[in-house]
Structure formats: C-alpha cells, structure tokens
1. Starting from residues that are of a type in the set (Gly, Ala, Ser) and in a helix (DSSP H, G or I), keep the ones in region A:62-111 and report whichever is surrounded by the fewest Cβ atoms within 10 Å (Cβ to Cβ).
2. Out of region A:112-129, which residues are of a type outside the set (D, E, K, R), near DNA strand C (Cβ under 10 Å from one of its atoms) and in a helix (DSSP H, G or I)?
3. How many residues are surrounded by fewer than 18 Cβ atoms within 10 Å (Cβ to Cβ), at pLDDT 90 or above and of a type outside the set (D, E, K, R) if we restrict to region A:236-275?
4. Taking the options A:VAL342, A:VAL314, A:VAL380, name whichever one is within 22 Å of A:GLU288 (Cα to Cα) and in a loop (DSSP other than H, G, I, E, B).
5. Take region A:244-258 and flag every residue that is within 13 Å of A:GLY66 (Cα to Cα) and in contact (Cβ under 8 Å) with a residue 24 or more places away in the chain.
6. Does A:GLU335 qualify as being part of a helix (DSSP H, G or I), surrounded by fewer than 13 Cβ atoms within 10 Å (Cβ to Cβ) and more than 16 Å from DNA strand B (Cβ to nearest atom)?
7. Step by step: first the residues of region A:344-385, then only those that are of a type in the set (A, V, I, L, M, F, W, C) and near DNA strand C (Cβ under 9 Å from one of its atoms), then the one that is farthest from the chain's Cα centre (by Cα). Which residue is that?
8. So in region A:363-381, with the set limited to residues that are free of Cβ contacts under 8 Å to residues at least 40 places away in the same chain and under 30 Å from A:LYS284 (Cβ atoms), which one is nearest to DNA strand B (Cβ to nearest atom)?
Amino acid sequence: MSDIDEIFDRLLSRESIFRNKRVLSHDYIPEVLPHREKEIKKLAYILATALKGGKPSNVFMYGKTGTGKTAVAKYVLKKLDIKGQQLGLHFLYAYVNCRYKTSNYRVLLKIAEDLGVGRLPETGLPLDSIFDRIVRFIDRKEQLVIIIFDELDWLVKKSGDDILYQFTRINNDLKKAQVSIIGITNDLKFRNYLDSRVLSSLSEESIIFHPYNAQQLYDILKQRAEIAFVEGAVTEDALRLVAAIAAQEHGDARRAIDLLRVAGEIAEREGSDKVLEEHVIKAKDEVEKDLVEATVRELPLHEQLTLLSIIMLVKRGERLITTGKVQRMYEKICEFLGYKPVTLRRLNDIFADLEMLGIINAPVESAGRYGRTRNIKIVVPFRSILKAFESDERFTIVLKEIP
DNA sequence: TGTCCACTGGAAGGGAGGGCTT
DNA sequence: AAGCCCTCCCTTCCAGTGGACA
C-alpha cells in the first residue's frame with residue numbers, strides 16, 4: 001500500500017513535463033500548419049466561392065496517412081466558417097471518417113448527426129429514407145452544406161459507391177440548398193474502383209499531398225512540442241529521433257505526434273524531467289504493440305483463426321506461406337477447437353481484410369507450372385500478435401498443442 | 001506453343017440478429 | 001404481430017489466369 005502512496009505522492013509533488021497535452025491529440029488543429037501552405041491556399045481558393053454565395057467545386061484530396069489532408073480540410077473549413085459568420089453567411093458541415101463507419105447506414109447516420117437532422121435509429125430504416133430525411137432537412141433553407149468523406153477508400157471497398165453516387169447527384173434534388181463534397185483518400189489506386197460518373201463529379205478539383213520528410217516532420221514536432229511540454233522538457237535529440245522514425249514510416253505526421261506524446265508519458269512515468277531518446281525508443285514499441293493488439297483482439301473469430309494459422313506456419317519456420325498451406329493449418333485448428341471451418345472463398349476475403357488492416361502482405365504470385373497463390377507475410381511485429389492471442393485461452397492451447 | 005496447376009475473385013444469395021413502421 | 005430493410009459473416013458456383021514446364 002505504501003508503495004502506491006509513494007507513487008501518488010511522487011506524481012503529485014512533481015511538476016508535470018506536459019503543459020498542454022491536448023495539443024498532441026488527433027483532433028487538435030494548430031493555428032499554423034507548417035509545410036502545407038500550398039495545399040491550404042488551393043483549398044481555400046476553391047472554397048472561397050462559398051463566400052460569394054456560390055457552390056464550391058467538389059474536391060478530391062489524395063495522399064498517404066498523416067500527410068495533413070484531414071488537418072488541412074478542417075483548418076480551411078474553420079477559417080471559412082469564421083469568415084462566413086463575419087459576412088452573415090451560415091454553412092453546415094458534416095465529417096465522416098469512413099474507416100470507422102463500417103456500413104452505408106453508419107455513414108449516413110454520422111452525416112445526419114453532424115448536420116443536426118435529429119434523432120435517428122441505430123438501425124432498421126431503409127437507406128433511402130435516411131437519405132430523404134437528410135435531403136429534406138438541408139433543403140429547408142438556402143444554405144451551403146459541405147460534407148467531408150475521410151478515408152473514402154474504405155467506404156467504397158466495403159460498401160461500394162452507391163452512397164457517393166447519391167451524394168454527387170444530390171444537388172439535382174435540392175431546390176434551395178447546395179452541397180459540396182470533399183473526398184479524402186489514402187489509396188492512390190482507389191480511383192479505379194469508382195464509377196466514372198462519380199469520379200468525374202468528385203474530382204472537379206483535386207489536391208495531392210506528399211509525405212513529409214524528416215526535416216518537415218521535425219518542424220511540425222517542434223511547433224507542437226513547444227506548446228505541449230514545459231520549456232526544455234524535450235531534448236533536441238529526442239525530437240530528431242521521432243522525426244527520423246516517422247520519416248522512415250512514410251512521413252506520417254500523425255504517428256510522429258503519437259510517438260512524441262507516448263514518449264512524454266513514458267518519461268513522466270519513469271520520473272524523468274526530460275524526454276530522451278530512450279523514451280522515444282520505448283514509445284515506438286509501445287505504440288506499435290498497442291495498435292496491433294487492439295486490432296487483432298477485435299477481429300471476428302475466423303479472421304483470428306486465420307491469422308493464428310499464419311502465425312503457426314511462421315513459427316514452424318515455413319519460408320513460403322501460401323493460401324493452401326494456411327487453409328490446411330486453419331482446418332486443423334478448427335477441428336482441434338471444434339469449429340466449423342469457412343470455405344476457401346471466404347478465406348480469400350479474410351486475407352484481403354487482414355491486408356487492408358496492415359497486418360499481412362498477401363500479393364498474388366504465380367509459380368508457373370505450380371499454380372498461382374498468395375505469398376503471405378506478416379508485416380507487424382510477430383510478438384505483438386502473439387501477445388494478443390495469449391489473452392485467449394483457446395488460442396494459447398493451440399499454440400502449445402499443435403506442432 | 002499449349003497445358004495445366006493452385007488458386008483468385010466476381011456474382012448471387014442466405015440466414016441470424018438487429019430494429020423500423022403499421 | 002406482420003412485413004420490411006439493414007448489416008455481418010458466410011456459402012455456392014464458376015469463369016479466369018500467370019507462367020514453368022513438356
């Protein structure tokens with residue numbers, strides 16, 4: 001008990017190294033976005049039409065994760081809103097992150113919620129009727145509605161482009177209001193999946209975001225660190241290291257900021273009054289592990305079993321892991337645990353799912369005479385997946401009992 | 001040059017579990 | 001209560017395919 005008291009006392013008596021931790025959270029939009037001036041200008045230019053009462057073109061924004069697409073969109077909209085208010089204009093906004101809204105229904109629901117349509121049931125209504133309600137709601141008066149579809153590729157891959165099609169045509173149904181759409185995607189190849197009508201309507205304008213390099217990431221981190229931490233709490237070396245790690249991982253600024261935050265938390269936990277390189281290194285492991293563990297734990301049963309089969313094959317020292325091998329292992333595990341295995345067709349979709357989640361790489365390769373199959377590789381730290389499985393007794397038994 | 005392996009991936013559909021409207 | 005409509009996970013059926021080998 002006294003141990004715990006001591007921990008509490010120590011924590012209380014010490015000044016925190018954080019001054020304003022919120023600055024390091026995902027939804028924080030800073031006053032200045034370094035190295036995105038060009039993109040901000042372009043978007044502002046497009047949206048400025050709204051200030052003269054016009055309908056801005058739809059915009060498509062491409063770029064990898066953490067290149068500032070969402071931040072730029074939110075930033076410009078915030079400024080637009082302020083300017084609009086000065087001019088007595090009122091705009092409506094909706095923001096959907098399609099990655100976390102798994103179905104058409106959820107997407108519509110989020111839009112309805114953001115616009116303030118009113119209470120709608122979690123499920124049950126026909127899609128048309130929700131869409132109608134949204135249309136009726138926004139068409140009550142003359143106004144501009146801006147809808148942001150973030151991580152649009154997820155929506156299209158999961159549920160197709162029906163909703164998108166409806167939204168691109170929505171202006172035909174509206175008498176008073178007008179709708180502009182901002183589509184954001186990480187997947188550059190994703191245009192191929194879209195119906196050409198949707199694509200042409202969506203990409204009236206497009207903005208491309210390039211990954212940040214280490215120096216740019218450093219500038220971003222520096223700016224955030226100055227607000228987030230007390231003076232001198234982050235060493236130059238630590239900051240450089242965070243920037244370097246994130247630059248290696250495709251210039252993802254969000255990851256960089258996460259990393260900095262966690263490094264700070266670790267430093268604080270360990271009673272250090274400075275964030276050092278060693279804290280950053282620990283933070284890197286922790287961030288990665290947490291993410292993978294959570295993802296794996298939330299997978300549906302047969303996706304977990306499939307992943308477990310892959311893990312078993314890796315453990316066994318198999319160098320080439322093919323669909324067939326996984327299927328045989330998977331069926332063995334199912335038999336062992338008393339589950340009815342899914343078909344090969346389903347398994348194939350599961351591979352695609354796991355690949356989308358970034359857990360595996362599974363490109364289709366041909367061995368000529370010996371057929372075509374996926375070449376499956378785990379692309380996250382092996383230990384974090386194991387860790388996720390270890391919390392479930394069924395899987396632990398399999399790991400022990402099956403060679 | 002054709003064959004043929006080991007799959008891949010599209011299309012259609014189903015049923016359990018949810019909740020709506022009437 | 002009946003009759004719909006939705007999602008999620010899954011099945012059945014099957015045409016299609018890259019390239020090493022004969």
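The values are calculated or read from the model by the stated rules, or taken from the named source; none is laboratory data. The structure presented is a predicted model; accordingly, all values stated were derived computationally and were not measured. Cβ sites come from the backbone with ideal geometry, for glycine too, and all protein chains shown count toward neighbours.
1. Of the residues in region A:62-111, the ones of a type in the set (Gly, Ala, Ser) are A:63, A:66, A:68, A:71, A:73, A:84, A:88, A:94, A:103.
Those left that are additionally in a helix (DSSP H, G or I): A:71, A:73, A:84.
Values: A:ALA71: 23, A:ALA73: 24, A:GLY84: 17.
Looking at the filtered set, the residue picked out is A:GLY84.
2. A:LEU127, A:SER129
3. 1
4. On the way: A:VAL342 fails: within 22 Å of A:GLU288 (Cα to Cα); A:VAL314 fails: in a loop (DSSP other than H, G, I, E, B).
Among A:VAL342, A:VAL314, A:VAL380, only A:VAL380 is within 22 Å of A:GLU288 (Cα to Cα) and in a loop (DSSP other than H, G, I, E, B).
5. Answer for region A:244-258, where residues must be within 13 Å of A:GLY66 (Cα to Cα) and in contact (Cβ under 8 Å) with a residue 24 or more places away in the chain: A:ALA246, A:ALA247, A:HIS250, A:GLY251, A:ASP252, A:ALA253, A:ARG254, A:ARG255, A:ALA256, A:ILE257, A:ASP258.
6. Spelling it out, A:GLU335 is indeed part of a helix (DSSP H, G or I), surrounded by fewer than 13 Cβ atoms within 10 Å (Cβ to Cβ) and more than 16 Å from DNA strand B (Cβ to nearest atom).
7. Filtering region A:344-385 for residues of a type in the set (A, V, I, L, M, F, W, C) gives A:344, A:347, A:350-352, A:354, A:356-357, A:359-360, A:362, A:364, A:367, A:376, A:378-380, A:382, A:385.
Keeping just the survivors that are near DNA strand C (Cβ under 9 Å from one of its atoms) gives A:344, A:347, A:350, A:364, A:367.
Numbers: A:LEU344: 29, A:LEU347: 24, A:ILE350: 20, A:VAL364: 25, A:ALA367: 35 Å.
Looking at residues that are of a type in the set (A, V, I, L, M, F, W, C) and near DNA strand C (Cβ under 9 Å from one of its atoms), I get A:ALA367.
8. First, pick out the residues of region A:363-381 that are free of Cβ contacts under 8 Å to residues at least 40 places away in the same chain: A:363-372, A:379.
From what's left, under 30 Å from A:LYS284 (Cβ atoms): A:363, A:379.
Details: A:PRO363: 9, A:VAL379: 17 Å.
The extreme case among them is A:PRO363.
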